[in-house]
Every structure is written in structure tokens, then in C-alpha cells.
Amino acid sequence: MVTIDNICFCVPLRWGMLIIAVLDTILDVVAIVALCLELKSWKCDIETTSLIYGFHLIACMFLLISIWEQKTEFITPYMMSAVFRIIKVVRFTIYAFIDAWLFVAIIHSIILIFGLVFLVCVYFWYSKLKNES
């Protein structure tokens, strides 16, 4: 199994998880705000979206706990919610580009890029903890 010790070749993996959890929480809040701004003119399933983003926010808290507890059970919810969120973000990005909502499209494109990078880094954290146990 491939593992790395640093994120972006400079930040240790443990500190990287802290950065990812904080940045991902901020990105979730920005995404919810962007969707709420366009909600009046857009018929979207806000209940499902808020459920996915809410679950992902809780999973970010579990990722923070995994820094100190160092158990893989705390990382699994993050990886599951990240996959669901990426699927939802791809859907919203496509819809936003079709309906010409530039703000939502840009925000969700940024979230998609960061989400994929974060998911890969968290997977390396997961594999490191799995190898240590």
C-alpha cells in the first residue's frame, strides 16, 4: 500500500488532517451559502443537499478526533461523506453551468478540486493508521 508522510511535501500528515478538516468545514459553509443565494430561482432538493453537507460537517469533526485518537474508525465517516459530497458537487456544477449561475458553478468547481485532493490525503492518513495498528 502506498503511503506518504507529508502533504504537499512540506506539511506532516497529522497537521495536514487538521488543515483539511478546517478548510473543508469552511468550504461546506460557503457551498451552503452559495446554494441559498440561488435557491429562490433554482428548484433543487435542498433537504438532501443540507443532509449531505451536514453529515460531512460532522465527519470533519470525526477527522479532527482522529488526529488525537488515531483510530481508523473516525476516518471512515469522512471518506464516505466525501464521496457523497463529490457526487453532489459534480451534479450541482453541471446544473450551475447549464443554468448560467456563475457564482454557484465557480464555488462548486473549487469544492470539487479541493474535495478530490482532500479525499486522497485523508486516504493516505487512513492507510498510515491502518499500517501502524
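Considering Cα pairs under 8 angstrom that are at least six residues apart, work out the relative contact order of the chain and quote it in whole percent.
About 32 percent, as a whole number.
With charges only on Cβ, +1 for K and R and -1 for D and E, what is the dipole size of the chain about its Cα centre, in debye, rounded to 20?
Magnitude of the dipole: close to 100 debye.
Of the accessible area of the chain, with the probe set at 1.4 angstrom, what percent is carbon plus sulfur?
74 percent
Once Rh for the range 71-129 is found with the Kirkwood sum over Cα pairs, what is the Stokes-Einstein diffusion coefficient at 37 °C and 0.692 mPa s, in µm²/s?
269 µm²/s
How many lysine pairs are close in the chain, with Cα atoms under 24 Å apart and the two 8 or more places apart or on different chains?
4
Name the residues whose placed amide hydrogens come within less than 5 Å of the amide hydrogen of VAL11, ignoring near sequence neighbours (fewer than 5 apart) on the same chain.
So VAL11 has HN proximity to no qualifying residue.
Given a 1.4 angstrom probe, what's the average accessible area per residue across the chain, in square angstrom?
Counting only protein heavy atoms, the per-residue value for the chain is 56 Å².
So between VAL30 and GLU73, what do we pick up on full extension, going 0.36 nm a residue minus the alpha carbon distance?
My answer for the length gained is 12.7 nm.
For the chain, with equal point scatterers placed on the C-alpha atoms only and solvent neglected, what are the log10 I(q)/I(0) values from the Debye formula at q = 0.13, 0.20, 0.22 1/Å, to two decimals?
Debye output, listed in q order: -0.54, -1.07, -1.24.
Mean Kyte-Doolittle hydropathy of 1.6 or higher plus an axial Cα length of 15 Å or more: which whole DSSP H helices in the chain meet both?
The answer, listed by residue number, is 13-38, 102-132.
Charges on Cβ only, +1 for Lys and Arg, -1 for Asp and Glu, centred on the Cα centroid of the chain; of ILE32, VAL117, ILE52, which one is farthest towards the dipole's positive end?
My answer, from the dipole projection, is VAL117.
Just want to confirm a number: the relative contact order over the range 58-133, from Cα pairs under 8 angstrom separated by 6+ residues, in percent.
The normalised contact order for the range 58-133 reaches 30 percent.
The values are calculated or read from the model by the stated rules, or taken from the named source; none is laboratory data. Because the structure is a prediction, the values reported are computed rather than measured. Quick reminder, even Gly has a Cβ in these numbers, built from the backbone with ideal geometry, and neighbours come from all protein chains shown. Surface areas here come from the heavy atoms of the whole protein model, side chains and all, with no ligands, DNA or RNA. Shrake-Rupley method; radii C 1.70, N 1.55, O 1.52, S 1.80 Å.
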